[in-house]
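For reference, the structure discussed in these notes is given below.
Nothing in this text is a laboratory measurement; each read-out follows from the coordinates by a stated rule. The shown structure was predicted, so the numbers you read here are calculated from the model rather than taken from an experiment. We place every Cβ from the backbone using ideal geometry, glycine too, and count neighbours over all the protein chains shown.
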Amino acid sequence: MSEETAMRSLDIAFASPSSRIKIEFQGGEPLLNFPLIRTIVSNAKMRAISLGKKVDFVIASNLALLDDAVLEFCKLNDVLLSTSLDGPADLHNKNRPRPGGNSHQLATRGIRRAKEVLGPDRVGALMTTTEASLDRVDDIVNEYLQMDMDGIFLRPLSPFGFAVKTKQFQKYDAKKWLAFYERGLRRVLEVNRQGRPFREFYAALILTRMLSDRPIGYVDLRSPAGTGLGALVYNYDGNVFASDEGRMLAETGDNAFKLGHVDQDSYQSLILSDKLIGAISSSLTQCAPECSTCVFESHCGADPVYHHATQGDALGIKPLSAFCARQKGIMSLLLDILENSPADAAILRRWATP
Amino acid sequence: MARFLAPEAFSAATETLSLLPFNLERTGTNQYLVANLVGDFIRLTEDELNRLVDLQIQPGDGLYEKAYSAHLITGTNQNAQRQLLALRLRSRMSFLRQVTPLHIFVVTLAMRALVPILPGLAPKHRSVALRYERRNRDALSRYRLRESLVPNQD
C-alpha cells in the first residue's frame, strides 16, 4: 500500500459518521510494512483530534517480527495486537507451515512478550479451525489456558486449506463442527466451575443478544448485515471491499463485494453503491424466507458474503446453509444449558454482562 | 378505614386481547419454543399454543399470565406492551447508529515473514513457501464448491 493510497483511505474512514472508529492493520503480514503503519497511526491521530473523534488501532499479526521498536510503538499509541493461535505446537505448525517449522514458538513468544510490555489485555488471539482441529478441542482450550488468555473464540471450520470433498462427506461438516463446539464449550464451563474465569467468546456474544438488549454490531450477528455498514476494507492497491472475505473472493476473480477504489470514490459513493445496498437489502433476516419466521431470528444475522460464496446468492437458501445450521445448533445448545444445568447457566449468565 | 378494592376492580371491564408478533419452532412431541419480538424465549405445550393463538385465555388460568409476561399478548387498546417492545427493539438495533466503525487497512500482501527470509532460503524451502502462498489463494475457489446443496442436519 502506498502512502497516497493510505491517506485517501483515511479520508474515507474519517468521513464515516461514526464518532469512534477502529483502524485494523492486516496483510499479508502487516509488520512487513511497519513504516506505513507508523505514518497512518500518527496521521489518523491528528485527524481524530481535529474532527473530535476517537480512534483505536489494532495490528493483526503473526508476531514473528515483533521487536522492541514495535512494542514501544504499540505502547505509546495504545495499539492492540491480535494474533493467531490454533492450538498446541503440532497443530499450529501444521496449519501454518513455515521454514523451520517454528510458527507456534514465534506466536507464543510474541504473545508472552506483548503481555509483559503492553499488559495482559492488550493482545488477543484467534484460532482457525481446520479438519485437524476437530478431535483436538480439549488440547486447544488447554493451550489457551497455558498462555493465560482470558477466553477462546471457537471459530467455525475454516474454508481454507480444504480439499474439495465428496458431497457425502461435506454433509457432515456442520454436524461435526457442532460436536467440536459443544465439547469445547463444556470443557470451558468445566474450567469455570473449577474456579478460573474463562470465556468462550462466540457464546458470550450470542448470550448478550439472548439475555440483554444491548446492541451487538458483530458482523455475523446482525441484520442489516455488517458488510460495508460495519466495516470497510482498503486493499493494498486501493480497491475497497465490503468485507475481508469479499477481498479474498476478489483474489479468486469474484468482484461481487468490490465497492470501488479510493482514487475515484468517496465514503458516500461506496456506502450507497448499488452493489452494497443490493447485498444488504436482499439478505435481511427480518424478511428472508426461513429467517423471518425462525424462532432464533432476533439473535442471528445475515451473512451475504458467506451465502454468496457458498450458494452464489447473497440471501441463500437457509435449509442448505451450514451458517444457519451452526447458528441454530449453538443457540439450541445454549438454551438447553440455561434451562437444564443451573451451575453452568450461572456461568453463561455472567458472560452476558460486560 | 380506607381499604384497597378487590382485584377485579382494577381490570378493564371487557378487555379484548390481541396477539403480539412471535415466532415459534416445534422442539419435540407436544413442545414448542416461542420467541417474542425481541427474542425472549418461552416453552409452550401444543395445547397452550393453540389456546394462545385462539386467545382462549383469561386472567387466573396461568397461561394468560405467562403470555402477558412474555409479551405475547396485549390488551387491544393498551399501548404499554407495544411501547416497551419498541423501546427494547430500538436499543437492540442501535448498533445501526454507529455506521462503519471498522476500517481494515491491508498494508501489504506479503505473508508470514516469508518474504524477508526468502532470498536466504534454500531453494527447497523457497518452493514450499511459495506453494503455501498459492494454496491460500486457491482456497476460496474451492470454498465456493463446498456446501452446494447440502441440507442441514436436523
Completion exercise
Here, A:Ile277 and B:Ser91, labelled 7 Å along Cα→Cβ, have an inter-label distance in nm of 3.3
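Taking square-rooted eigenvalues a ≥ b ≥ c of the alpha carbon gyration tensor, is the protein assembly as shown rounded, prolate or oblate, where a/c under 1.5 means rounded and, failing that, a/b exceeding b/c means prolate? Please report the intermediate quantities before stating the final value.
On the way: a/c = 1.88, a/b = 1.67, b/c = 1.12.
The shape class here is prolate.
Only Lys, Arg, Asp and Glu count, each charged at its Cβ (+1, +1, -1, -1), so figure out the dipole size of chain A about its Cα centre, rounded to 20 debye.
580
Ordered by packing density, taken as the mean number of other Cβ atoms within 10 Å over each peptide's residues, highest first, how do A:310-316, A:64-70 rank? Numbers along the way, then the final one.
Details: A:310-316: 19.3, A:64-70: 16.9.
My ranking of the peptides, most packed first, is A:310-316, A:64-70.
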Problem - Derived scalar couplings ³J(HN,Hα) [region A:339-352; Karplus, 6.51 cos²θ - 1.76 cosθ + 1.60; whole Hz; x for Gly, Pro] - result: 8, 10, 10, x, 5, 5, 4, 5, 5, 4, 5, 5, 5, 7
Fill in the blank from the handout: Given Cβ charges of +1 for Lys and Arg and -1 for Asp and Glu, the option among A:Val191, A:Leu272, A:Leu66 whose Cα lies farthest towards the positive end of the dipole of the protein assembly as shown is A:Leu66
Exercise for the section: Determine, for each peptide in A:146-153, A:347-354, A:325-332, the mean count of other beta carbons within 10 angstrom over its residues, then list the peptides with the highest first. Expected result: A:325-332, A:146-153, A:347-354
Handout entry: Cβ-based net charge around A:His299, under 11 Å, with every Lys or Arg adding one and every Asp or Glu removing one
Key = +2
Practice task
Compute the signed sum of charges (Lys and Arg +1, Asp and Glu -1) over the other residues within less than 15 Å, Cβ to Cβ, of B:Thr100.
Solution key: +1
Practice task
Determine the shielding of peptide A:27-35 by partner chains: average, over its residues, the number of Cβ atoms on other chains within 10 angstrom of each Cβ.
Solution key: 6
Exercise for the section: Taking the Cβ of A:Ser19 as the centre, find all other residues whose Cβ is under 11 Å away and add up their charges (Lys, Arg: +1; Asp, Glu: -1). Expected result: +4
Practice task
Mind listing the long-range amide H neighbours of B:Val107? Cut-off is under 5 Å, sequence gap 5 or more, other chains count too, H placed in the peptide plane at 1.01 Å from N.
Solution key: A:Gln26
